[in-house]
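Reviewing the structure listed below.
What follows draws every value from the coordinates through simple rules; no lab data is involved. Computed from a predicted model, the values in this text were never measured in an experiment. All Cβ positions, glycine included, derive from the backbone under ideal geometry; neighbour counts span all protein chains shown.
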Amino acid sequence: MGDSAGEQARAPGYDHYRNLHITSSFTLRRLAVGSIARNDARRRVEELDQKTMIAPPLSSRSFCGELATLLIVSLLCAAPVSADALSDLPAAWLERLQPVAEADLSGAEPAMREAIAEARAEVAALLQSPESTPQALGRAYGRLGARLLLEEVETQADACLRNAMELDPNELRWPYYAGYMAMLAGNLDRALQYFERARQIDPEYPPLALRLGKVQLDRGDLDAAEQAFTAVVDRPQLRSPAHYYLGQVALLQRRFGDAVGHLQAALAANPEATEAHYPLARAYQALGREEEAKQHLERFVLRSPEVADPLLDELRAATQRALPAFKRGIHAVRQGDYQTAVEELAAGLELDPTNAAARVSYARVLFLTGHPEQSRQALQQALADVEGQQTAAALAHFFTGVLDQAEGDQTQAAAAYRRALALEPGHAGALFQLANLDFAQGRYQAAAEGYAATLEADPDARPARLLGLIAQARTGVDERELAAALTMLREAAPEDMQLAYAQARLLASSTDAAIRDPEAAMTIAAELAAARPIPPHQRLLALADAATGRLERAADAVASLIDGVGWMVPPEERALMAQELAAYQDGRMPPVVWAVTDPLLSPPPFDAHRLMRDYPAARPY
């Protein structure tokens, strides 16, 4: 239900670190510890600033901005098609308002296109009328912005809502809607600005404190977040989400007992809050209560916390009136409301029972609401109804494979993926999953060929680029050939952090003097750690230290890392940290350049929920 196979396959190694706190999308800078904290990494960037760089500086775009790319999965692009009073403002308003270009709404339902056109015409008429008041014009802009927000046309919606704030400054809805949209899109500073403005208008609107807290949490300001959540935790309708987020704060602060208390309170207030089970499992794991951790992990179902929010309910009510059942169902998916999506898609299928594409979407949300067997039945029904719907049939086989793999049957999963490819040879998802299975089972030549086929089907499938090289390395391809290929890939995609990570490890650890370049490795490592201080980047920084002769500093860094975040990483990665620490303490380099258990150099852990949620469907109904 996303944009492209490449988008859903984005940097899977990094998703592992999002999944440490998957339901809150915490900023990763909280993982920085001890002598290898973010400031230290930035200082090293400054130390190296005058030296020759082997690649352009890496982007420091926020992690939440990347997570929002998966949450806002079908943004309609803005494309100016004609000039009117909104895009070509009258002179009287030119200095005060933002122009609003027309948007391409060809993918919207007729009812929504008509509603947006009517709202735009109303604004245009008021702009050109000498009798219009600022408040009337502001509210017209606000209505248009709200309708554009429903269709997720972010740029135009934001401009409309900013104009509404300018003209109707005492209306809470406009900054609140703008802040909510910015929060979903990952524009955290802008969201904070809008929500603070909303608080100046009405500091007593309870959901506002929760939204502010969520933004502060994602920005890493845990004290401000805790204060905001505490302000509303005793309000009955907000008790569950407030305790949920307070539990997240406590977990990040390593107050594991407090985290358990808050997350249990969230479940007591709303037993359907399945999102609380994952962080609760993490808290129990940190306390050494493995059995309780396992029980809660099994009960985890990804969903957004339920927040009673009258202002957003107004928007949802407008959506319900304007959109038919299938469109309402897909809109609910985008909002993370999978139970509503189940109900709406089921209602649509009653009217159109042979719509195989819609039934595949129905199967997906059944899985996301914890009903895998019903999901399988829906996929089987879709395959019975697919005459003339080859794309839907391929997708149904693909998701059957996802279900098989989720149940641990890799043989059946591979067979289902091949059935999808028989119908659609360029199905990037099936190609990528088959390549991952081959990689995991040590069939590295087949994996390399599979990743190459994935890239041919979808050049935006970024992880296949590096994984193909790693697979080739496992087959014994010459290290110089790999180094040359990595250099070419980095030149083509300088923003790709996984490629940078792999290249830096090779530059630091290679025994070939023609490849080894510790100073260049340090340059890359320092930039990566400053931009995103996740454990692998901190390990890379330590490796670069060791490569330049600072073995004691490398050992101290890894020891600090193990002490700070070792409890929250998988056992395989924790063991890798311990192996590297032992090497540095013995005065030697780690023996392997690209370790098999390195999460950034391996296929991502299989995630059926993510595939069901994010894999793109060209026609979801």
Among Asp478, Asp545, what is the fewest-to-most ranking by other Cβ atoms within 10 Å? Asp478, Asp545
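So what's the stretch 388-498 giving for Rg/Rh, alpha carbon basis, Kirkwood Rh from the mean inverse pair distance? It would help to have the intermediate numbers written out before the result.
Working: Rg = 15.0 Å, Rh = 14.6 Å.
Result: Rg/Rh = 1.03.
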Report, in debye and to the nearest 20, how large the dipole of the stretch 79-184 comes out about its Cα centre when Lys and Arg carry +1 and Asp and Glu carry -1 on their Cβ. 240 debye
With each label point set 7 Å from Cα along the Cα-Cβ vector, what nm distance links Glu481 and Asp460? 3.2 nm
Karplus (6.51, -1.76, 1.60) ³J(HN,Hα), θ = phi - 60°, over the stretch 160-171, in Hz, Gly and Pro reported as x: 4, 5, 5, 5, 4, 5, 5, 8, 10, x, 9, 8
List the equivalent ellipsoid semi-axes of the stretch 286-423 in whole Å, largest first, each obtained as the square root of 5λ for an eigenvalue λ of the Cα gyration tensor. 27, 26, 10
Dimensionless Rg/Rh of the stretch 217-322 - Kirkwood Rh, Rg from C-alpha atoms: 1.03
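Taking the convex hull of the Cα atoms, report for the stretch 453-533 its projected area averaged over all directions, in nm².
Details: hull surface 22.3 nm².
Reported value for the Cα convex hull: 5.6 nm².
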Assuming 0.36 nm per residue, please report the length gained on full extension of the stretch Arg254 to Ala575 beyond their Cα-Cα distance. 113.4 nm
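So how do 553-562, 264-273 stack up, highest first, on mean other-Cβ count within 10 Å? Walk me through the intermediate numbers first.
Numbers: 553-562: 22.2, 264-273: 17.7.
Output ranking for 553-562, 264-273: 553-562, 264-273.
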Take Ala440 and Gln390, extend 7 Å from each Cα along the Cα→Cβ direction, and tell me the distance between the two endpoints in nm. 3.0 nm
Total charge dipole magnitude, the stretch 217-322, about the Cα centre, Cβ charges on Lys, Arg, Asp, Glu only, Debye to nearest 20: 120 debye
Taking only the alpha carbons of the stretch 136-226, what extent do you get along each of the three principal axes, in Å, biggest first? 39, 25, 17
I'd like to compare 208-220, 337-349: which one has the highest average count of other Cβ atoms within 10 Å, and what's the full order after that? 208-220, 337-349
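Over the stretch 217-322, what is the mean sequence separation of C-alpha contacts under 8 Å (at least six apart), divided by residue count, expressed as relative contact order in percent?
Normalised by residue count, the contact order of the stretch 217-322 is 20 percent.
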Expressed as a rounded percentage, what relative contact order does the stretch 79-184 have, with Cα pairs under 8 Å and six or more residues apart? 25 percent
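Under unit Cβ charges (Lys, Arg +1; Asp, Glu -1), what dipole magnitude, rounded to 20 debye, does the stretch 527-621 have relative to its Cα centre? Provide the component values of the computation, followed by the final result.
Details: 9 positive and 12 negative charges, 74 e Å.
I would put it at about 360 debye.
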With an 8 Å cut-off on Cα pairs and a minimum separation of 6 or more residues, tell me the relative contact order of the stretch 293-385 in percent. 23 percent
Taking only Cα atoms of the stretch 79-184, what ratio of Rg to Rh do you get with Rh as the Kirkwood inverse-distance radius? 0.94
Sorted by average packing, counted as other Cβ atoms within 10 angstrom per residue and highest first, what order do 566-579, 276-289 take? 276-289, 566-579
Spatial separation of Cα centroids for the stretch 158-219 and the stretch 371-393, in angstrom: 42 Å
Using 7 Å Cα-to-Cβ label points, what is the Thr155/Val596 separation (nm, one decimal)? 4.9 nm
Across the stretch 559-570, in residue order, what do the Karplus-derived ³J(HN,Hα) couplings come to in whole Hz, using 6.51 cos²θ - 1.76 cosθ + 1.60 with θ = phi - 60° and x for Gly and Pro? 4, 5, 5, 4, 5, x, 10, x, 5, 9, 9, x
